[in-house]
Structures are given as C-alpha cells and as structure tokens.
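One structure is given below, encoded as structure tokens.
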Amino acid sequence: MSARFKQLSGHTLFWPLLTLALLLVANGIFNPGFLALQWREGHLYGNLIDIVNRAAPLILVSIGMTLVIAVRGLDISVGAVLAISATVAAWMIGGALVVDHGVTTAVTRLPMPVAIAGALGVALACGLWNGLLVVRAGMQPIIATLILMVAGRGLAQLIGGGQILTIYYPPYFYLGNGFLLGLPFTLFVVAAIYALTHVALNRTALGLFIRAIGVNPVASRVAGIRARLITIGLYMFCALMAGVAGLIVSSNVKSADANNAGQLLELDAILAVTLGGTLLTGGRFSLAGSVVGALIIQTLTSTIYSVGIPPQVNMVVKAMLVFAVMLLQSAEFRTTVRGWLVRTERRA
Amino acid sequence: MSDTAILQASGIGKRYAGVAALHDVQLTLRAGEVHALMGQNGAGKSTLIKVLTGVVAPDDGTIALVGEPIAPRSPADAQRLGISTVYQEVNLCPNLSVAENICAGRFARRRWTRTIHWSRVHEEAAAIMRRLDLDIDVTRSLSSYPVAIQQMVAIARAVSVSARVLILDEPTSSLDEDEVRQLFAVMRTLREQGMAILFVTHFLDQVYAICDRITVLRNGGFVGEYRTSELPQAALISAMVGREFALTGTDRQAVPTGEAAPLLTAQGLGRRGGVWPTDLQIRRGEVLGLGGLLGSGRTELARLLFGLDPADAGVIAIDGDERRWRAPAEAIAHGIALCPEERKTEGIVAELSVRENIVLALQARLGLRRYLSRAQQNEIAQRFVELLGIKTASIETPVGLLSGGNQQKVVLARWLVTEPRLLMLDEPTRGIDIAAKQEIMSEILKLARQGMAVLFISAEIDELVRVCDRIAVMRERRKAGELVGGSSEHAVLDLIAGTA
Ligand SMILES: Nc1ncnc2c1ncn2[C@@H]1O[C@H](COP(=O)(O)OP(=O)(O)OP(=O)(O)O)[C@@H](O)[C@H]1O
Ligand SMILES: [Mg+2]
C-alpha cells in the first residue's frame, strides 16, 4: 500500500465517504437513472436531492447526538422529543380554512412564529430535563433519557388528544416542502445549522472543551472548564435539533402523529454518529462524519425501497448492510483481513 | 548477593515514530539483588520495563531469562515466565474490590462446583495486604481508596505471586515514609529468598538505602552499571544528567510577609467526611507548607479551598471578601490554582496534545468566546516546554504518550500559564527527576518572591522545612498546629505524629 493511500485512509472521513460513494455507485449501476438530476419548473429534481431532503431530520438529530456522545453522553429520547415538538407545533398552529365573503383564508390558533417558538421551547425544556438528570442527579445517560423516551410519547399524545393532528395552514408547509433557489428549503436549514455549529466548535473554545470533557471529565472540571454547564447545554442543543426535525417532519406530512413520528430515530442517529467515526466512549468526534453517516443511512433506506425488498425483511437487510459497513470501517477488522491477504500472498 | 544473572537484556532498541526511546541498552539482574534503574524524566526507564515485560516489542536486542532467550508478548506472558511487574501508572480495575484486584486470575474455587470461594479469596487478599502492614477492608472497591493505597494494592498483587523477577516502576512516588519502610522490609525479605528486583525511583536516598547495583540511562542510551557502594551521589547525578550538576538545594531567603494583608482566609472551613472545621490564612508572597500523613486531610483541605468539593461549614475570604465556590472555575476566576495530586485522573487529558493541555486552564478562565489563536497557543506551549524542560517530540504529541515525569510537568505548566495569585501544589514534583525538581522549585520560589502565594503540600518534610515560610500540619483531618519555616524536622515530625 502506498504511503499516500495510508495517509488518506487515516483521515476520519475517508471510510464514511468511501462507503457512501460505493452505495451511490451500486445504486447507479442497478438503476441507471438513479444519479440523474433534472431541472423542472424551476426546481432541481432527482434521487440524490430526494435523499438529502429526506435525510434532513436525521442529519440534524445526528449533529446534536454527536456532541452529546462526544461528552460521554447519549440521548435516546430524540425520537420522542421530535414527536413532542411536532405535536406542539401542530396543535398551536391548528389551522382552519375560513370562507369570508367568498374568499378562503387560512387562519391559525396562534401565529406561526409563536407556534414555532413554542415547539422549540418545549424541545429545549426536554433537553434541560435530560441534562439535569444526567449532570445533577448523576444518572446514566441511557437511563436518564430513557425516561423521556418512554414518557415523551405519552406527553405528545396528551397534547394531541390522542389523535393525529392535521395542519391546515399552507405557509407552514413551506418549511418541509418549499423550494429556495431551486433547492429544497430543508437543505438551507441543514446547511445553516451545520455551519453555525461548525463555527461554534472551531472559532470558539467549545470544541476544545468538548474534547477535554469527553476524554477526562474530572480533569476538565479541575482545569476550570464548566463541564456540567456545557454538558447540560449540549443535551439542550441535541433536543433543539430534534425539535427542528419535528417541525420539518410535521410540515412535510402536514400533520403530527404522536405515536409514529420519529419512531426509532434515536437508533438511526446513534448509528449515523458511529458510522461517521465518532467514538461512543467520548472525546473524539466528527461533525462532518455524522452528516455523511446520516446520508449513508438514508441512502440505504432509499435503496431498499427502490430495489423493492418487501417491508417485512426491510430491517434485516438494513441490519446486514450496516453490519458490513461497520466491519469495513473497523480498523481491527481491516488489519485482520490484511493479515489474511498477506499470508495467502506469501503462500502463493 | 550472588552473581548468577537471572534476567539479561542486551542491545535493546525501541523507536517511536522515528524517535529513539531506547538505543543499545543493556541490563543484568542477578539473583538476590535490588537493582536501581536510574535516569531523568524521559530517559527510557519505563519503556525498558515495558520491553522486558512484553507490553511493547523491542525493535532490536535480546532478552534472556536464566540463559534462555525469551520474547514475552504480553504482561500475562511475562508473568507466566516469572516476571512480576508494577507499572508506573497503576493499572488495576478501580471498580472491582481490592480482593478481586489482588487475586484476579487465580481465585480460590470451591472443590466440586468450581465456583469462586469468595470468603477464601477475601481472607487471602487480607493476608497479602497484612504482609505490607495494611489492615484495610478488601471487599471495598479499589477506587474508594486514595492513590497511595491503590499503589500498595498493586505492589501487594505483584509480590504475592511467586516470581523470580520483580519489577517496580516508581512504586514509592505516592507513598509516605511509613509505607516506604514497609515496602522495603518486604523487598529485603524477597531479596533474601533470591529474587531479583528492579526498582525505579527518583529518590536518591531510597536508592542508597536498599539498592545493591545501579544501571543508569540517559536519553534512551545506556550509561553504565555500578555498584551502589562505589558510586557516590554526586557521581550518580552527573551520570544521569550528563554533566556536572550540583544539588544546591532550594533554600528560601525568608521574605518578611508578616505585614502583608492576607490573600486568602479560611474560617471554620470543613466538610463532613473530609476535614473538620479549619482556620487557615495565606499571605501574598508567602509559601505555606501543608504537612501530615497520608489521609490526614491535606488534599481534602486544598480541594475545599479550590471549590472542587463543596464545603458544608465555614467561609473563605479573598482579599477580605467572602466567597463561596460552586465549581473550581469560580476559584480560578479569583486567581486560585490547584495542581492536583492525582495526575492521571485529575491532571492530564491524555488524548489532547501537549499544547492543548498547557493552555486548557487559561482558556477555561478566558471563557468560550475569547479563544486563543493557534499562534498564541503555540507560543505559550513552546515557552513552557522550554521553561520546564518538558521532553516531547512536539507540542502536538498527545500528552498520554509522554513519560510520567513529563506529564507532571505539563500539568504544572498548565497552572503556571494562568499566572495565579495563589498556587496550591499537591505533591507537585511527584515523579519528577532530581535535577528538574530543583529547577522547578526554584522557579516557583521565584514567582513567590514576585508576590504569588503558594500552598505547598508535600510528604517530604526536609523539603517543607527548607522552602516554606510557615508550615501547617494536619493530623486526623484537623489542623494540628502551625510552625514557622526553618523549624527542625523533628518539630514537624512530632506535630505530624502527635507526640509533641
Ligand atoms: N507510546 C509512545 N509513543 C511515543 N513516544 C513514546 C511512547 N512511550 C514513550 N515514549 C517516549 O519515550 C521516551 C522515554 O519514555 P519513558 O516513559 O520510558 O521515560 P522514563 O524514563 O520512564 O521517564 P519518567 O521518569 O518521567 O517516568 C519519552 O521521551 C517518551 O515521550
Ligand atoms: Mg517512567
């Protein structure tokens, strides 16, 4: 192996990107139209755009999850928080079509900005709750967030009165379905949040502090880093991301389903973060890696649907693919394989 | 002392990323001897030990055990061959009980069911600990004991297996005199039984107290093997440092600080289970020593002053204003620094670079937004690497890869960078070699002359007496009294032991 390749493959993003590229190429081979992009009615269409668009909620949640995991935490309540945020937004907007003197106008229960702020506020409160349980009560993150994961959906049901809430307010649909400059609006949301997070991590000391806390929380506190405050803040950020994802999802499907919105999202997010090269033990993380990880997962899902695998075996196929991807990305596994290859070469 | 070589290593070489940590090193351990391995921080002592015990594979050289070539692949492998080791970084399982740690891998089992016979395991472990004169509850988790006890547990584990070679890498760095005496008693017994013992320490008096031969390393190279009786202390130091080096001692020219206004005053400061309510006063430019036995409450008092543990009684006043710390960050904001006792758990952030570790406390004090530029970070790190003589390939090397003593210097640098008004040092020179120690102490005393207050915790009474203006002594978690600097060591010892 050349030194160049070694250097390249040592980069955190190398294996996730390679995986994604392989998946896309495989799709392109089996389905020649897959990689094509079209310009229609002033919008860009195509499978690739579709994948990124659909991945938006997962990408956002993965960004939040990355930072929580980086400080040795975990948040398995993101799916429930997404449902809560979606329900709160749907309930606050509500919406009805009113015919007044022959003109139909959409009216809302509360103004849309209030509804959005309300939903995000509730999400932040959820994050604060998680953070306090972990930091103040000293609970294991998985248990602490399990509480909200279980109770959160009940809460969402309560808000929604046990029903799927339908939204009748077209301006709200723009968030999940609109286009800006020919591209889906969600892309801009994701890009903006990613850029802000990136700047916060690299232009302030936040990135340094997060890595320090992840590697050695005790020493970080002794060094004067407000480890507890930062940790609570990151749980809140993660919940906020789930909240934004909830807005996108509810806007996209024009309703909020407390029971099914964001189902199993926590697992996909953890998977995306891991695929992206972030260590679950804390300290080492890659924001870009998590985005690629989320794209890998969405591509997998799309592939499974487009190939026409029956829904019953869907999860099994996904699990097998994930297994293969994780093996490919495991440094130990690659070393072992290299060992086999070298040995066979010698024998030959 | 017989002359049969038990363990013989020759031509040992080991390179890390192109830098030679060891180069053509030889070592001969004979039956029934205690052999000191000496050298400055980063000289390659721990690396040689890791090579001998299969933690890392050497690039060159051979190892022979009683004439047979060996190549241990892991510490367990070395153990099977009869080489028992205590590494510099205690690597036991903190969550397991003391007994589990001591007996791991060789639990007593019930005759028929083959299940672990816990009561027997506990008895055995307690018996092993008693050999080191330690009567502790072996069923409690290891992490519930201070580092010194953990160190003793590691030693107990190593000496309890029947081995031909025992290797101890700085086992005494966190021990008090009494424990050291106990350890030496055990080492002498083992020596009489014909065991070969390799002993690393930075305390010269310990070398002369127990070692028969000395091997000296310098910069990864072999300097020589000597009989202790034929190598005077000055010659040993020159061999380690590579030039004439005079141990001048770091005497303190007493500065009259009696009139200076107190910087920090603690009144009735205490915490249940930590220290009883204690009064303490530190003035600007003063070096206040804090003496006492292990577990006497020295460390606990410093932690209260720093806000690392919340106080449940008493008040702290800085410049006369009452303060209550909720986190160390608040104490740091008022110019207080604490270089903690436990380097590995409370000091270094192993995976971060030397640069990041050095600027960490300063950056934390500056906050999130005033992020030091890369150029500023480099400048600070470079300056302190030079000032304290930190041996590292580059300032981007992860701190965890540095030698123990150099890690300690990094933690010290981190606090000096913040230019504190009160610097609390809990055993700051632990694991630091004798030459570097002298330089570091004189640097700290220089800062004190410029007005920095120092709280200096040390188990070395001669050092306390030499450098401090005042010495407070802790006994059984209370302040037993205060002495002026320059008091006799005897007076301090009496106060520590409560026999005054
Ligand atoms: N895993 C590693 N990777 C890179 N360099 C290493 C590694 N381990 C040790 N070194 C380097 O090898 C040199 C020797 O280190 P070693 O730990 O053997 O020193 P030492 O003599 O035990 O010092 P001390 O008295 O401080 O414990 C050091 O410069 C250290 O930075
Ligand atoms: Mg060492």
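Values quoted throughout were computed directly from the atomic coordinates according to the rules given, and no laboratory measurement underlies them. As the structure is a prediction and not an experimental result, all values here were calculated from the model. Note: ideal-geometry Cβ built from the backbone for every residue, glycine included; neighbour counts use all protein chains shown.
Picking from B:ALA491, B:CYS339, B:ILE316, whose Cα lies most toward the positive end of the charge dipole for segment B:262-497 (charges on Cβ: Lys, Arg +1; Asp, Glu -1)?
With unit charges placed on the Cβ atoms, the residue in question is B:ILE316.
Would you mind putting B:146-153, A:84-91, A:122-129, A:304-311 in packing order, based on average other-beta-carbon counts within 10 Å, highest first?
Going by the mean number of other Cβ atoms within 10 Å, highest first, we get A:84-91, A:122-129, B:146-153, A:304-311.
Which residues' amide hydrogens lie under 5 Å from the amide hydrogen of B:VAL56, considering only partners 5 or more residues apart or on another chain, with H built in the peptide plane?
Hits under the 5 Å cutoff: B:VAL51.
From the backbone phi of segment A:116-129, what are the Karplus-calculated ³J(HN,Hα) couplings (6.51 cos²θ - 1.76 cosθ + 1.60, θ = phi - 60°) in whole Hz, Gly and Pro given as x?
With the stated coefficients, segment A:116-129 comes to 5, 4, x, 4, 5, x, 5, 4, 4, 4, 4, x, 4, 4 Hz.
Neighbour counts of other C-beta atoms within 10 Å: give me A:MET139, A:MET65 arranged from fewest to most.
A:MET139, A:MET65
For segment B:74-148, taking Cα atoms only, what is the radius of gyration to one decimal and the Dmax to the nearest whole Å?
Over segment B:74-148's Cα set, Rg and Dmax evaluate to 13.4, 40 Å.
Farthest toward the dipole's positive end in the protein assembly as shown, which of A:VAL78, A:SER251, B:ALA327, given Cβ charges of +1 (Lys, Arg) and -1 (Asp, Glu) about the Cα centre?
A:SER251
Relative to the Cα centre, what is the charge dipole magnitude of segment A:17-168, using +1 at the beta carbon of each Lys and Arg, -1 at the beta carbon of each Asp and Glu, and rounding to the nearest 20 debye?
Rounded to the nearest 20 debye, it is 320 debye.
Kirkwood hydrodynamic radius, computed over distinct alpha-carbon pairs, for segment A:175-264: how many Å, to one decimal?
When all Cα pairs of segment A:175-264 are included, the Kirkwood radius is 15.4 Å.
Within a 10 angstrom radius of the beta carbon, how do B:GLU68, B:GLU341 rank from fewest other beta carbons to most?
With the fewest neighbours first, B:GLU68, B:GLU341 line up as B:GLU68, B:GLU341.
Taking beta carbons within 10 Å but only from partner chains, what does the mean come to for residues B:364-374?
Partner Cβ neighbours, averaged per residue: 4.
Any chance you could give the angle, 0 to 90 degrees and rounded to 10, that helix A:78-93 forms with the longest Cα principal axis of chain A?
20 degrees
Farthest toward the dipole's positive end in the protein assembly as shown, which of B:ALA239, A:PHE34, B:LEU305, given Cβ charges of +1 (Lys, Arg) and -1 (Asp, Glu) about the Cα centre?
A:PHE34
Hey, got the average number of other protein chain Cβ atoms within 10 angstrom for residues in A:206-214?
Taking all residues of A:206-214 together, the mean is 4.
Whole-Hz Karplus ³J(HN,Hα) for segment B:16-28, in order, using 6.51 cos²θ - 1.76 cosθ + 1.60 and θ = phi - 60°, x for Gly and Pro?
Couplings: 10, 6, x, 9, 7, 8, 9, 8, 6, 9, 10, 8, 10 Hz.
Taking amide H positions as placed in the peptide plane 1.01 Å from N, state which residues far from B:LEU263 in sequence (5 or more) or on other chains have amide H under 5 Å from it.
B:ILE282, B:ARG283, B:ARG284
Pairs B:LYS50/B:LYS391; B:LYS45/B:LYS446; B:LYS437/B:LYS479; B:LYS45/B:LYS409: which exceed 21 Å Cα-Cα?
Those over the limit are B:LYS45/B:LYS446; B:LYS437/B:LYS479.
Which value, in debye to the nearest 20, gives the size of the charge dipole of segment B:299-451 about its Cα centre, when Lys and Arg are +1 and Asp and Glu are -1 at the Cβ?
440 debye
What's the magnitude of the charge dipole for the protein assembly as shown around its Cα centre, counting Lys and Arg as +1 and Asp and Glu as -1 at the beta-carbon? Answer in Debye, nearest 20.
Dipole magnitude for the protein assembly as shown comes out near 1900 debye.
Per residue, how big is the convex hull around the C-alpha atoms of chain B? Give it to me in cubic angstrom, could you?
Convex hull of Cα atoms, per residue: 162 Å³.
Eigenvalues of the Cα gyration tensor times 5, then square-rooted: what semi-axes does that give for segment B:262-497, in whole angstrom, largest first? Don't skip to the end; give the middle numbers.
Values: eigenvalues 167, 86, 48 Å².
Equivalent ellipsoid of segment B:262-497: 29, 21, 16 Å, largest first.
For helix A:331-347, what angle does its Cα long axis make with the longest principal axis of chain A, in degrees from 0 to 90 and rounded to 10?
It works out to around 30 degrees.
What residues have an amide H closer than 5 Å to that of B:LEU290, excluding those fewer than 5 places away on the same chain, when H is modeled at 1.01 Å from N in the peptide plane?
Placed amide hydrogens put B:PHE456, B:ILE457, B:SER458, B:ALA472 under 5 Å from B:LEU290.
Along the principal axes of its C-alpha atoms, what lengths does segment B:5-241 span, in descending order and rounded to whole Å?
Extents along the principal axes, in whole Å: 54, 36, 34.
Output the peptides A:289-297, A:204-212, B:438-446 sorted from most to least packed, where packing is the average of other Cβ atoms within 10 Å over each peptide's residues.
Sorting A:289-297, A:204-212, B:438-446 by mean packing, highest first, produces A:289-297, A:204-212, B:438-446.
Could you work out Rg/(2.2 N^0.38 Å) for the protein assembly as shown, with Rg from alpha carbons only?
So the Cα radius of gyration is 1.11 times the expected 2.2 N^0.38 Å.
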